[in-house]
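First comes the structure, then the notes that go with it.
The values are calculated or read from the model by the stated rules, or taken from the named source; none is laboratory data. Keep in mind that what you see is a predicted model, and the values were worked out from it rather than measured. As a convention, Cβ positions derive from the backbone with ideal geometry for all residues, glycine included, and neighbour counts pool all protein chains shown. For accessibility, only protein heavy atoms count, side chains too; no ligands or nucleic acids. Shrake-Rupley method; radii C 1.70, N 1.55, O 1.52, S 1.80 Å.
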Amino acid sequence: MEINLPALDERVITQAIITRYTEVLLSLSEVEVAVVGAGPSGLSAAYYLAGSGIKTAVFERRASVGGGMWGGGMMFNQIVFQEPAREIFEEVGIRFTEFAPGYYVADAVETVTGLAYAVCRKGAKIINLVTVEDVVLQNDVVTGVVLNWTAVEMAGLHVDPLAVRCRCVVDATGHDARVVRLLTEKNGVTLKTPGGRVQGEKSLWAEIGEKQILENTAEVYPGLYVTGMAANAVAGGYRMGPIFGGMLLSGKKVASLISEKLRSSS
Ligand code: 48H
Ligand code: FE2
């Protein structure tokens, strides 16, 4: 087979990349929801938010999306989940098998790529390689996120960031609960949670940890929501080990809380 390649101008490649990326970034200077972190909970939140017609951007620190899903458990890259999360896998079209009654297992690579693709197709925008280094805080309400290139952060350069305005921020940064920590550490504010501050996660108890994730998925400060592992880190819940149904259901729950709030206030 012979393929005749057309003439190629490097300048056009450069212009296409810069023009298109800038257009996308400009369109995200104001969004309805900024999701911080593209792990299972952040991707699920974005999928359901965008599915409800809400303008959503996901900002991910790393080059890759998927967070802790790639490695399954201890690098055995299989994703385990229970019954309530089954409908999410079915809806997105990720294949799985039933391993034992009520326990399902899916390929980690298929799960990450399938979910990320579904998020993009629903219309949410994922921007990778950027780190949320602060929030915008006005009159005791979180009204935006502050972004910088992850490479700037890693190189320790003094380069000031850019801000994105939004109506709600979702902390989906996992164990670190980075956004909530930034807010409380910098501003000394009290959260709406029972402890009022970031409690830090407890050790491993799968059953209780999975339950708590859903209970702890909430608005923790005006304009700031937590989902996924960040929810248990903030509220002092147990970790659950390598089971991901709770993460996906938590993303779905936070999307529904935000949809209700935006609908009631518009
Ligand atoms: C932009 C950021 C920033 C930042 C971090 O860790 P994740 O997979 O988080 P979850 O909560 O969706 O899922 C948790 C799950 O992976 C897990 O660890 C479980 C179930 N553990 C149980 C246990 O017992 O250990 O994803 C968080 C994402 C990552 O991709 C980070 O790179 C990203 O957030 N991130 N993005 N700005 N400041 N901080
Ligand atoms: Fe983890």
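Computed from point charges on the beta carbon alone (+1 for Lys and Arg, -1 for Asp and Glu), the dipole magnitude for the range 13-68 about its Cα centre is near 160 Debye.
To put it simply, the accessible area of the chain at a 1.4 Å probe is 56 percent carbon and sulfur. Can you spot the lysines whose alpha carbon is less than 23 Å from K125's alpha carbon? Ignore those fewer than 8 places along the same chain. Straight-line reach from K125, under 23 Å: K55, K252, K253, K261. Given their separation in residues at 0.36 nm each and the Cα-Cα distance between them, E10 and E98 gain 26.7 nm when the chain is fully extended.
Springs join every pair of Cα atoms under 10 Å in this Gaussian network model of the chain, and among A45, A85, A233 the largest mean-square fluctuation is at A85. Comparing mean-square fluctuations of A108, A34, A100 from a GNM of the chain with C-alpha springs under 10 Å, the top value falls on A100. Backbone geometry of the range 31-38 corresponds, through the Karplus equation with coefficients 6.51, -1.76 and 1.60 at θ = phi - 60°, to 3J(HN,Hα) couplings of 10, 7, 10, 10, 9, 9, x, 10 Hz, x marking Gly and Pro. When a/c is below 1.5 the answer is rounded, else prolate if a/b is larger than b/c, else oblate, so apply that to the chain with a ≥ b ≥ c taken from the square roots of the Cα gyration tensor eigenvalues. Taking the square roots of the gyration eigenvalues as a ≥ b ≥ c, the chain is oblate.
Rounded to the nearest 500 deg cm²/dmol, what is the calculated helix-only ellipticity per residue at 222 nm for the chain, with -39500 (n - 2.57) per DSSP H run of length n ≥ 4? Numbers along the way, then the final one.
On the way: 9 runs with 106 residues, N = 266.
Counting only the DSSP helices, I get -12500 deg cm²/dmol.
Straight Cα distances below 16 angstrom link K202 to the aspartates and glutamates D176, E210, E215, with same-chain residues fewer than 8 positions distant left out. Qualifying trypsin sites (Lys or Arg not before Pro) in the range 117-168, where qualification requires a DSSP coil assignment and no more than 15 other C-beta atoms within 10 Å, are lacking entirely.
If R0 is 22 Å, the Cβ-Cβ spacing of I208 and Q78 corresponds to a FRET efficiency of close to 0.45.
Coupling constants for the range 74-83 follow from the phi torsions by the Karplus curve (6.51 cos²θ - 1.76 cosθ + 1.60, θ = phi - 60°), and in residue order they are 6, 6, 7, 7, 10, 10, 9, 8, 10, 3 Hz; glycine and proline get x.
Taking Cα centre as origin and charging only the Cβ of basic (Lys, Arg, +1) and acidic (Asp, Glu, -1) residues, the dipole magnitude of the chain rounds to 480 debye. At most 11 other Cβ atoms within 10 Å and a DSSP loop assignment: could you name the trypsin sites (Lys or Arg not before Pro) in the range 1-107 that fit? Passing sites in the range 1-107 are R95. Springs between alpha-carbon pairs under 10 angstrom, Gaussian network model over the chain: which of L49, L182, L115 fluctuates most? Of L49, L182, L115, the most mobile in the Gaussian network model is L182. Average accessible surface for the range 96-240: 49 Å² per residue, computed with a 1.4 Å probe over protein heavy atoms with every protein chain in place.
The string of couplings for the range 217-224 from the Karplus curve (6.51, -1.76, 1.60, θ = phi - 60°) is 6, 6, 7, 9, 7, x, x, 10 Hz, one whole number per residue in order, with x for Gly and Pro.
The accessible-area ordering, largest first, of the residues C120, C166 stands as C120, C166, per a 1.4 angstrom probe. In the range 115-170, Rg over Rh equals 1.05, where Rg is the alpha-carbon radius of gyration and Rh the Kirkwood radius from pairwise Cα distances.
On the beta carbon distance between S266 and T19, with R0 = 41 Å, the FRET formula returns roughly 0.80. Using R0 = 25 Å, the C-beta based FRET efficiency linking K186 and L157 works out to 0.75.
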